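Each reported figure results from applying straightforward, stated rules to the coordinates on display, with no laboratory input. Please read these numbers as outputs of a predicted model, since none were measured by experiment. All Cβ positions, glycine included, derive from the backbone under ideal geometry; neighbour counts span all protein chains shown.
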């Protein structure tokens, strides 16, 4: 089966050319410094949105029908599975694979079976670690992030105005317990999860029409399902590519194992039995039970379609082991069933530094998540000793540490007013010495920029916007601050609020991915020089997320990812994103309740939302223009102050065991891509 | 104190002196004997503190520790003077500068200087690599001008113990203990950290001494119900494991408190838990002393209770309190350090030893910048010095120790 649907030749050609160029450049340069990578990298685009019309979903019936039953098996499998087949514990590989398996390209060469991939995770709150390794969705982003490619689903199709989307499943595909995967599994998700008011009081955003009604999903035959929206939806595939149970949320599903989950659902289960199950597992309602049972991260028994499935362990265990799924739909170009690697073992580390130390001593085979970029020199110097090498996958754009100002802050109305004042934010931006931040917190990598896409990305709004307000100009900052009435100062020289109360900006930092604490401390120092007092508050992740929701955070440092994806998923530019962003929790509420609660956004933010909505229903050409416009508004209003971007700070410093093969030198790196999931870890293997 | 000598203290002291004499080396003997002859007459009339001092003087290690503690006290009072550079100022191009060695002799003459340093980021590993530029000698001056600081909140000055030629320490820096990841001068941070950590120790000990003497005194002197209540309170406090309690209390501190508020809260928390041992000891003393003849005498002569306690009883164990307090200070310092190290105590931008160590608690520092662990040495020296000093004081002050 062809991996790319090829009508849109020019685009593909460009993609291929970029890939070749990238590889050539990478090959020329023995030790590519991480800074060089982003320029070479093909941009992540929302290209697929334009493609599906030409995507005549692979004709399901064609190929296999003609085949005579072969005596010899068509596909090859891992030795451990072959033994199980011999022992009669498992059907033969040809029966386990669908009629048309997914053929996954390998980055370098055909692999060998075996081995355990050692990774590390930080405990139950690090559930997305699992999501990123298996990236178990109907469709996926490609390794370079430039397009959506088929995965568990075989293909898709849409009508001319993008209101109808037909998704084709693979006949013969199976869940990890051997049960067939059919259209009923999508219908179960639609009827019994999405439309169930108890499970989902508000249906997931991507399934909601412009008028507030829910899009319809219907089963055309056992392997064909049609989505119908009331308006054109060009972001459908992008959304579908992220329906993989991420964020431990059933809202992020688009198919589910009906045969297994029915026992937990009141529409199917015996009432008494279900009640007993709820009681026995210590829950109050069936909803709680179902939510836990519906995701493989929290329930090892839940069948999946991923390359590896949980082996009697969950994210709550000290060692979370994933074993090979004998029914995985993917094969390599030579017909070897994937994955090559037998087992993925996630080991719990309570402390990030200990995790980094384990990486330095070569105890991890493949890890980018939680590797601290400031440890790059240590990692680099110990490459030989640890038997690994470091690959860098810089992010697509945005900024790797941004200050987000809560536009709906209410705890202190005077400070809230100030945060909404554009001049104040502009002044703080001018007060930042981004060169110093770059040197001290980013190892000199990247460039000073606002949170807009990378220059090689079609959505790039232009230099003027990318570098707007980024020069270090304390005089201008002082002038602006004086201009908005912050003229009185206290004994230490810090500016007072107009009421005479002290002004103190709290910068919330979650010690998650970058060394944002340092960025925060540098900002405190630099803002202090223009008389704005600030302090850094380090909070645990779960607490900070909860405070985002309850509108308690004043300012937060996070990274500005998702700039390549403003029209799908949960972009940082959309105040309606879920989970809530620091940028405007009350705006989110306002939109959610149709203006009944929360805070009405000002005209500029309404414009932002309008542009996003328009982009979702526009064709590619318009989409690019709209995105550029969007990022101009975004950079100009500076609701978030960007610092330094285009660095591998966010999960882009990849420690790779020297024996681990097929890990690409360059790859798209962003949360929507589920990096490294988009690089197809199924095709990684250990050379022996 | 002269009028209320502790019964029996003088003969004891004398005996001890003779014992010690025999143990001393011949060389010292002559000198000591000379002093001895001078002092023999004095011993009988010497006040308590003088006797204590005489005995303390002979504890060489304690004497040395005393000097260290005096030096620490100076740093605590004048951290700005001992610093070379602004402890909070980060320098973009100066991260991870290693310790710069001070050379004292330049071509045979005493002209202290440090060599200049040149840093470059290694393009392969991205590490800042520093090498010494032997071409460039930066002369070290004493009492040089540098950044401006406050002296005890009284006045501002810019004179520092060590610096370079007028005004350009930022261009020709001296990093006596290197710099951290943000290019901040480690030596100056250590000086300011010393002030915070040591004062937390001192103040919290002061508060616990106050509480200990007050509550222990009430308990011991009055007995009965107050004694019962106070003693049970002490038992409860002592039965609670100290470390989790500190952690719980500090964790319960509102996170939006300012640096000063946290500082005082930590001090109070340490003191509120720390007074119990002293309270017990004071109570015991009171129990013994209230039966003594001189207390009875005071009572009979119609002295008020306040006068009996503060004029007659407390002075008899001043020295004991001081010794106990000295021994308690290192415990407090360690507690602050480890609370801050765990991120529960003081937090940046406050500088304390715990904060400094906490910031060094990462792979980068351990692997590439081991000088960032030097604040640990400061903690060890201080704690040892205070412990030895406390031991010496106790030996000298306690007449019953032999």
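Can you work out the FRET efficiency for the pair residue A:499 and residue A:280, with r the C-beta to C-beta distance and R0 = 60 Å, to the nearest 0.05?
0.55
In percent, rounded to a whole number, the relative contact order of segment B:86-180 is 29, using alpha-carbon pairs under 8 Å and six or more apart. Within 10 Å of the Cβ of each residue in A:351-359, the mean number of Cβ atoms contributed by other protein chains is 2. Length available on full extension from residue B:93 to residue B:109: 0.36 nm per residue minus the Cα-Cα distance, which gives 2.5 nm.
In percent, how large is the relative contact order of chain A, given Cα pairs closer than 8 Å and 6 or more residues apart?
Reported relative contact order: 20 percent.
Counting other Cβ atoms within 10 Å as a rough exposure proxy, the listed residues B:275, A:527 run A:527, B:275 from fewest neighbours to most. Each residue in B:65, A:499, A:687, A:568 was given a count of other beta-carbon atoms within 10 angstrom of its own, and listing them fewest first yields A:499, A:687, B:65, A:568.
Taking square-rooted eigenvalues a ≥ b ≥ c of the alpha carbon gyration tensor, is segment B:86-180 rounded, prolate or oblate, where a/c under 1.5 means rounded and, failing that, a/b exceeding b/c means prolate?
oblate
Dividing the mean sequence gap of close Cα pairs (under 8 Å, 6+ apart) by how many residues segment A:305-426 holds gives a relative contact order of 14 percent. When only alpha carbons are used to place a centre, segment A:171-207 and segment A:605-668 end up 29 Å from one another.
How high is the FRET efficiency between residue A:177 and residue A:110 when r is their beta carbon distance and R₀ equals 25 Å, given to the nearest 0.05? FRET efficiency, residue A:177 to residue A:110: 0.30. Relative to the longest principal axis of the Cα atoms of chain B, the long axis of helix B:48-58 lies at roughly 50 degrees.
Using only the Cα atoms of chain B, build the gyration tensor, take square roots of its eigenvalues as a ≥ b ≥ c, and label the shape rounded, prolate or oblate: rounded if a/c is under 1.5, else prolate if a/b is larger than b/c, else oblate. Oblate, because a/c is 1.5 or more while a/b does not exceed b/c.
On a 0 to 90 degree scale, rounded to 10, what angle separates helix B:186-222 from the longest Cα axis of chain B? Value to nearest ten degrees: 20. Using DSSP, restrict attention to beta bridges with both residues in chain A and report what percent are antiparallel, rounded to the nearest 5. Percentage antiparallel, nearest 5: 75. Taking a ≥ b ≥ c as the square roots of the eigenvalues of the Cα gyration tensor, an a/c ratio of 1.5 or more together with a/b no larger than b/c marks segment A:169-280 as oblate. With a Förster radius of 35 Å applied to the C-beta separation of residue A:262 and residue A:351, the computed FRET efficiency comes to 0.25. The distance from the alpha carbon centre of segment A:233-290 to that of segment B:310-373 is 52 Å, rounded to a whole number. Look at where the Cα atoms of segment B:71-144 and of segment A:439-488 average out, and the two centres are 33 Å apart.
Sorted ascending by nearby beta carbons within 10 Å, beginning with the fewest, A:194, B:339 become A:194, B:339. On a 0 to 90° scale, report how tilted helix A:516-528 is relative to the longest principal axis of chain A, with both axes built from alpha carbons and the result rounded to the nearest 10. With both axes taken from Cα atoms, the answer is about 20 degrees. Per-residue shielding of A:538-546, expressed as the average number of other chain Cβ atoms within 10 Å of the residue Cβ, stands at 1.
Work out the mean other chain Cβ neighbour count within 10 Å for the residues of A:430-443 and drop it here as an integer.
The per-residue average across the peptide is 3.
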